[in-house]
1. Given the conditions (1) under 22 Å from residue 202 (Cβ atoms); (2) in contact (Cβ under 8 Å) with a residue 40 or more places away in the chain, which single one is not true for residue 54?
2. Just to verify a result, which residue in segment 147-165, among those that are surrounded by 17 or more Cβ atoms within 10 Å (Cβ to Cβ) and in a loop (DSSP other than H, G, I, E, B), is modelled with the lowest pLDDT?
3. Can you tell me which of (1) surrounded by 19 or more Cβ atoms within 10 Å (Cβ to Cβ); (2) touching a strand residue (DSSP E or B) at 6+ places or on another chain (Cβ under 6 Å); (3) within 22 Å of residue 10 (Cβ to Cβ) is the one residue 37 doesn't meet?
4. Any residue in segment 177-190 that is touching a strand residue (DSSP E or B) at 6+ places or on another chain (Cβ under 9 Å), at positive phi and at pLDDT below 95?
5. I'd like the full set of residues that are modelled with pLDDT of 95 or more, touching a helix residue (DSSP H, G or I) at 6+ places or on another chain (Cβ under 8 Å) and more than 22 Å from residue 105 (Cβ to Cβ), limited to segment 19-39.
6. Mind checking whether some residue in segment 49-59 is part of a helix (DSSP H, G or I) and surrounded by fewer than 20 Cβ atoms within 10 Å (Cβ to Cβ)?
7. Tally up the residues in segment 110-136 that are closer than 20 Å to residue 64 by Cα and buried (at least 23 other Cβ atoms within 10 Å of the Cβ), please.
8. Among residues belonging to segment 60-76 that are buried (at least 20 other Cβ atoms within 10 Å of the Cβ) and touching a helix residue (DSSP H, G or I) at 6+ places or on another chain (Cβ under 7 Å), point out the one that is nearest to residue 206 (Cα to Cα).
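The values are calculated or read from the model by the stated rules, or taken from the named source; none is laboratory data. Since the structure is predicted, the reported quantities are computational estimates derived from the model, not experimental observations. With ideal geometry, Cβ positions are generated from the backbone for all residues, glycine too; neighbour counts draw on all protein chains shown.
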């Protein structure tokens, strides 16, 4: 079984999501529940996955005042989630509140989201930032480390330098993973092999598996690559 490959259940209904879980079977242990599925179906999908023995990456991307963020993180812990995301751009008070809220839930990791993978250098000035994804990712990742976050979410391209710069043991979770023949709307993308070589501890794979002709074979391909990381 592989727990370093997280499959994104980006479906409009719980039935479609659970059908994929059944298809992938016991080999796939980690699933991402994001805003679409959570809004459509509510928290029961998380509870059901946890009851099946699966780990859940609850991708809330919380960006709110500290008190609200703390409440959301605590709610994620009560659901049994293994990971939850908070926007690092919320600042140190937000990140520290999230970390404190996770303390009663030893199995819950707080991940700081740096820069979403649909943004490139040319997009940052539009939101008032210097045109350097790397600079912004580094700034926010170091902030997350200082605030005690368990890891960061960033593209596999940034993982290469973050794996050297962040404290030992911090998780580096990388979305935007593509397999041969897959496409998506993210711009900072990479293959599982690149992510592994660059130091990612986990990869998040969505349509490259969920829309593959054979989701099982696509998952096994990604899992085999990440399994090589542990043997390297």
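1. Failing condition for residue 54: (2).
2. Filtering segment 147-165 for residues that are surrounded by 17 or more Cβ atoms within 10 Å (Cβ to Cβ) and in a loop (DSSP other than H, G, I, E, B), the one modelled with the lowest pLDDT comes out as 155.
3. Among (1) surrounded by 19 or more Cβ atoms within 10 Å (Cβ to Cβ); (2) touching a strand residue (DSSP E or B) at 6+ places or on another chain (Cβ under 6 Å); (3) within 22 Å of residue 10 (Cβ to Cβ), residue 37 violates only (2).
4. Checking segment 177-190: not a single residue is touching a strand residue (DSSP E or B) at 6+ places or on another chain (Cβ under 9 Å), at positive phi and at pLDDT below 95.
5. Residues satisfying the conditions are 20, 21, 23, 24, 25, 28.
6. yes
7. The total comes to 6.
8. 60
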